Amino acid sequence: MWMAANVTKSNIMGLWWTPEKLFQQFQGTHAEMMRVQLTSTTEECQANRISRDDICSDDYSDSIGDPRGSCSEPLVLMEKVISAGLYDATYLQDDTTTATQSPSYEFLKLFRITAYQQNVMLDNWLKMGSQREAVCQWVVDNIEYLEETFIPRTYPRVLKEASDSGSLYHAALTIACIAAVLVLCVGLAVYYNRTRRTIKVAQVEFLFLILCGSFTISIGAIIKAISPTDASCIASAWLIDIGYTLELVPLIVKIAAINQLMQAAQKMKRVTLNRTSLFGAVVIFLFVIIIFQGLWTGLDPLQKEAQYLLSPPKMSEDDNVVFVSYHCSSNSSIWQYISTGWILLLLVCESVLAFQSRNLRQDFNESQVLAFMIYSHVVFVLIRAILLLAQIDDRKIVMSRMLSIVYSIDTIMAMIIYFIPKFFMNDNNKSTLSLGISGPNMSNTTNTSQGVLRESSTSQQNPPDAKKASFGNELKPIAELEAGVKPAPNKTICDCCGKKLDSEEVKPLV
């Protein structure tokens, strides 16, 4: 219809809109569409507007309509409609950070284009014959306008890998190495001084188990400080949990055995402690944590995961740089909480047993040292729990290295509190206690009951006054029994509880 009117140069009146390709096609020609200015729109005009059915009516009067409805059409503005799902996908996803947000929602929100700009693109379309080329040409001609108006700030972005050579990385790695070297040095010192009374009383085998656990923790801390891989993520979790189990369980088993031995001594009962059962208890606890780690690795393993962080303006000249760093993560954080709870459970058991042994004789009483050691462990476990609950989203690799420092310092403090003081203790008292070997008579109990009981000397060379003057001089160690000196049938004193009993009642305590 419009083309025919143009060819015949006839006048035509109708309803049309702009911007539109046909409207733009006639611009600047003799057939250019001209807007007819009608009266302004009113409520009365809107009420008497001709309906669509009447426009096509066969009745001429109905097709013309009521003169009171002859007014201009109200202006209809074009509006953007954006799905709420796009907003949720951009801003409300749990795994979405500022650095990984899509610019689509913000771009659509900022998108504005005038009727004139649309007409320019329509002109390009008429000239080029392709809608795509017409729009692309308009973009090329107005690229600066688009960058300033449409493209959201910090876009487009540049991806860079974050450097691992920060001060926290060097600090975590250095402290972890110091912890490992310290454990090795303490282990060599324990081996060199293994014949000293203070080391024997503490049980050399159990000390080496504790040192193995501490060394395992320090190796796990070293692995946690370096750049992660899938293998190192799994290895660090295994080493740290097994290390803490090896460090704490031998102490629990040893204290429980000593408590059992001393309680039996107070009741004048014979008790047999089997070395196999003691080490078997350690193996059982170790087996439990191995099962847990196996389930963690099989069901939801720790894996290397990337974290993207948008650089603050002060860090870079451009605020569109995204730094990528890597950390260890699994789908659920419940595994981390169970691991921390396991260590707390072991510390509670150790605390109860240490409290029960507080009244033992000083030779075998480690309650005060263990109290300090447990306090130290609890502090660092709480720090670990706080770091896990805090969930430092800005830099998760920072949390990993802070945990490495926590493990390393915890290991160092255990060496300082429990092991190093043993090398400076006085060895004047020659009594010792070893657990785990039983014998049929006193002569076969050198390693098991030596120092538990002492025999009162009844030699005629020692006057009664001397016996009353010095309690230490009147006692002879059990080694004299092994040398062939038979005890006199009077009183024997138990070093565990200080009670006197007839020598006929003396039985080897193991």
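The values are calculated or read from the model by the stated rules, or taken from the named source; none is laboratory data. The model shown is predicted, which means the values in this text are computed figures rather than measured ones. Because the Cβ atoms are built from the backbone with ideal geometry, glycine has one as well, and the counts that use them run over all protein chains shown. With ligands, DNA and RNA removed, areas are computed over all heavy atoms of the protein, side chains included. Shrake-Rupley method; radii C 1.70, N 1.55, O 1.52, S 1.80 Å.
General observations
- Every residue from region 263-278 that is under 17 Å from K200 (Cα atoms) and in a helix (DSSP H, G or I): R275, L278
Here is a yes/no grid of residues against (1) touching a residue at least 60 places away in the same chain (Cβ under 8 Å); (2) closer than 30 Å to L209 by Cα:
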residue	(1), (2)
V81	no, no
N119	yes, no
Y145	no, no
A179	yes, yes
Y192	no, yes
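- Residue check, V406 under 24 Å from G243 (Cα atoms), modelled with pLDDT of 80 or more, outside any loop (DSSP other than H, G, I, E, B) and open to solvent by 30 Å² or more (accessible area, probe 1.4 Å): no
- Summed over region 239-293, residues that are out of contact with any Gly (no Cβ under 9 Å at 6 or more places or on another chain) and hydroxyl-bearing (S, T, Y) total 1.
- Leading residue by the ranking (modelled with the lowest pLDDT) among those in region 276-289 that are of a type outside the set (S, T, N, Q) and surrounded by fewer than 14 Cβ atoms within 10 Å (Cβ to Cβ): G280
- Count of region 71-111 residues which are within 30 Å of N48 (Cβ to Cβ) and modelled with pLDDT of 80 or more: 1
- Candidate set from region 131-158 (those that are closer than 24 Å to V322 by Cβ and aromatic (F, W, Y)); member that is least open to solvent (accessible area, probe 1.4 Å): F150
- Lone unmet requirement of (1) in a helix (DSSP H, G or I); (2) closer than 30 Å to A99 by Cβ for L126: (2)
- Residue within region 59-73 that is without any contact (Cβ under 8 Å) to a residue 40 or more places away in the chain and under 30 Å from L159 (Cα atoms) present: no
- Residues in region 159-177 that are open to solvent by 50 Å² or more (accessible area, probe 1.4 Å), modelled with pLDDT of 90 or more and in contact with a helix residue (DSSP H, G or I) (Cβ under 7 Å, 6 or more places away or on another chain): C177 only.
- Checked against (1) of a type in the set (D, E); (2) outside any loop (DSSP other than H, G, I, E, B); (3) surrounded by fewer than 10 Cβ atoms within 10 Å (Cβ to Cβ), D62 passes all but a single condition, namely (3).
- Only a single criterion out of (1) at pLDDT 75 or above; (2) closer than 20 Å to I397 by Cβ is not satisfied by S316, namely (1).
- Evaluation of M128 against (1) under 31 Å from the mean Cα position of the chain (by Cα); (2) of a type outside the set (V, I, T); (3) surrounded by 13 or more Cβ atoms within 10 Å (Cβ to Cβ) (one fails), failing number: (1)
- Test: residue in region 234-245 that is open to solvent by 70 Å² or more (accessible area, probe 1.4 Å), within 24 Å of A354 (Cα to Cα) and either modelled with pLDDT of 90 or more or not β-branched (V, I, T) (or both): no
- Qualifying residue in region 250-261 (condition: at pLDDT 75 or above, within 22 Å of S400 (Cα to Cα), open to solvent by 20 Å² or more (accessible area, probe 1.4 Å) and assigned to a helix (DSSP H, G or I)): no
- Per-region count, region 1-58, residues farther than 27 Å from N124 by Cα, of a type in the set (A, V, I, L, M) and outside any loop (DSSP other than H, G, I, E, B): 2
- Residues of region 205-229 classified as under 25 Å from A281 (Cβ atoms) and open to solvent by less than 30 Å² (accessible area, probe 1.4 Å), total: 10
- Residue match in region 32-54 (condition: surrounded by 10 or more Cβ atoms within 10 Å (Cβ to Cβ) and within 20 Å of Q118 (Cα to Cα)): yes
- Looking across region 1-31, just one residue is surrounded by 11 or more Cβ atoms within 10 Å (Cβ to Cβ) and of a type in the set (K, R), and that is K21.
- Checking each residue in region 413-452 for being open to solvent by less than 30 Å² (accessible area, probe 1.4 Å) and modelled with pLDDT of 60 or more picks out A414, M415, Y418, F419, K422.
- Output for region 347-361, where each listed residue is open to solvent by 70 Å² or more (accessible area, probe 1.4 Å), modelled with pLDDT under 75 and part of a helix (DSSP H, G or I): F355, Q356
- Test: residue in region 85-96 that is open to solvent by less than 60 Å² (accessible area, probe 1.4 Å), of a type in the set (S, T, N, Q) and part of a loop (DSSP other than H, G, I, E, B): yes
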